[in-house]
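The values are calculated or read from the model by the stated rules, or taken from the named source; none is laboratory data. Everything quoted here is computed from the prediction, not taken from an experiment. Counting neighbours? That spans all protein chains shown, and the Cβs are built from the backbone with ideal geometry, glycine included. The protein model used for the area step is the full one, side chains on, heavy atoms only, and it has no ligands, DNA or RNA in it. Shrake-Rupley method; radii C 1.70, N 1.55, O 1.52, S 1.80 Å.
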Amino acid sequence: MNPVAIHAANPGPMTGAGNWTWLLPGRIPTLIDAGTGEPQHLAALMAALGSTPLTQVLITHAHTDHASGAPAIAARMPEARFRKMLWPERDAKWPVPYEPLLDGEAIEAGDDVLTVVHTPGHAPDHLCFWHEPTRTLFCGDLAVKGTTVWIPANLQGDLAAYLRSLERVLALRPDHLLPAHGPVIDRPEELLRGYLEHRREREQQIVDAMLAGDTDPDAITARVYRGIKAELLPMAREGVVAHLVKLEREHRVRREAERWTMIGS
């Protein structure tokens with residue numbers, strides 16, 4: 001397998017240096033993720049394809065930086081199929097004829113076969129694509145080297161599901177993760193176990209803030225993320241709410257409007 005990294009040319013506050021999309025050339029030319037429709041991305045994709053038509057686009061999840069480029073690709077390459085795990089209310093934002101993918105499904109891509117791995121948490125429809133012979137996982141937004149992954153509670157992010165997804169990927173024992181952001185991850189186990197430990201530590205920090213008297217997400221965020229840049233506070237707050245929802249489901253906290261309290265405290 002020889003995936004070609006094609007940059008989506010979409011740097012920004014939410015995407016950092018921008019997204020990577022991955023082209024698998026061969027008998028069934030396949031692009032993983034659609035980017036945002038930037039002309040530079042489309043030009044780079046067409047240059048990489050040469051005279052070969054694109055057969056399909058596999059979308060890891062329906063966040064803007066991964067799916068919003070689908071209509072632009074469809075307009076330039078009308079023969080391409082678009083395949084993802086369906087999230088109807090979100091998919092409607094970028095209407096192309098999506099074909100559903102299911103967990104465990106085997107997909108011919110390039111000259112190989114990929115297996116669909118449902119990894120919800122960052123998004124409910126999040127998928128990874130597993131190439132067992134090389135123990136390589138196209139991991140979308142499951143992992144990013146050098147930072148942690150945002151769990152947006154207001155977009156159906158689910159922290160408990162994300163932790164289960166990390167454990168599931170660890171059980172695959174991948175040798176390489178090819179992410180949508182940042183460099184290739186060549187020591188996946190170390191990074192993923194670090195993520196699990198980080199989430200445990202963050203949860204304890206949130207519990208400690210609540211035991212100290214903080215009862216709303218803004219106050220908890222201000223205590224836990226002391227000194228954070230103002231423009232990053234909304235994302236940090238979303239992460240705090242994701243932790244609070246997890247604790248609520250575990251019957252460790254209760255919620256009354258925007259007031260959260262420890263049960264038994």
At 7 Å along the Cα-to-beta-carbon direction for both E231 and M1, put a label point, then send me their distance in nm to one decimal. 3.6
Proximal lysines to K84, defined as alpha-carbon separation beneath 16 angstrom and excluding residues fewer than eight positions away on the same chain: K93
Restricting to the range 1-152, what percent of DSSP beta bridges are antiparallel, rounded to 5? 70
Could you please state how large a percent of the accessible area of the range 34-83 is carbon and sulfur, counting protein chains only and using a 1.4 Å probe? 56
Between K93, K229, K84, which gets the highest mean-square fluctuation from a Gaussian network model of the chain, Cα cutoff 10 Å? K229
Over the range 184-250, with every protein chain in place, what whole percent of the accessible area is carbon and sulfur at 1.4 Å, could you tell me? 50
14 Å Cα-Cα reach of K145 towards aspartates and glutamates, excluding residues that sit fewer than 8 places from it in its own chain: D186, E189, E190
Between the range 1-54 and the range 104-136, what is the separation of their alpha carbon centroids in Å? 17
In square angstrom, what is the accessible area per residue of the range 1-157 with a 1.4 angstrom probe? 39
Under the rule of -39500 (n - 2.57) per DSSP H run of 4 or more residues, summed and divided by the residues of the chain, what mean residue ellipticity at 222 nm is obtained, to the nearest 500 deg cm²/dmol? -10000 deg cm²/dmol
In degrees, nearest ten, helix 39-49 long axis to first principal axis of the chain (Cα): 50
Looking at the chain, what % of its DSSP beta bridges pair antiparallel, to the nearest 5? 65
